[in-house]
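Following: one structure in structure tokens, then a few remarks.
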Amino acid sequence: MIERVRAVLVTAEDTMLVIRRTKSDIPEYWVLPGGGVEASDESREAALHREIHEEIAGKADIIRLLHTMESDDERQLFYLARIATWSFDDRTGPEFSAEGRGQYALEEIPLTVEGLDGIDLKPEEIARVLRGAISTGSLGGEATL
């Protein structure tokens, strides 16, 4: 089974970092930073740290596992994390230079239901989970460490 890790990266301004994906053949959409767990990663959390470093040249403090999605062939783990510094210009992930992958743009959106409603965050399940957590205030205490 393929395992992927992704991060809900909360900034000091209580915004969230998302990556806008633009491809010529499909409507624009947004994803959370992250990627595949590799055999050389010591843990899922280590994989997430590596992916955050590769994708946004950032360093995050992982707060907790927020949600898990599983299908027959893939498991995605979504972590809540706090991030203070990042540099999209210094990203090193191999996907950024791969031919035909489209464009990647790092954006900050308000960590609100309205902020989430303004983008097409994929997968939709994590967007629903985040909307619910924001609405009930269950993200607030953990996110503002």
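Spatial offset of the range 38-97 relative to the range 109-128 amounts to 18 Å, using the alpha carbon center of each. Residues whose amide H falls under 5 Å from that of Glu3, counting only those 5 or more places apart or on a different chain, are Val37, Arg75, with hydrogens built in the peptide plane.
Based on the Kirkwood radius over alpha-carbon pairs, what value in µm²/s does the Stokes-Einstein equation return for the translational diffusion coefficient of the chain at 37 °C and 0.692 mPa s? Taking Rh from Cα pairs, D becomes 212 µm²/s. Among Ile19, Ile56, the ranking by other beta carbons within 10 Å of each residue's beta carbon, starting with the fewest, stands as Ile19, Ile56.
Read the figures in this text as sums done on the coordinates, not as results from a lab. Worth saying up front: this structure is predicted, and the values here are computed from it rather than measured. As a convention, Cβ positions derive from the backbone with ideal geometry for all residues, glycine included, and neighbour counts pool all protein chains shown.
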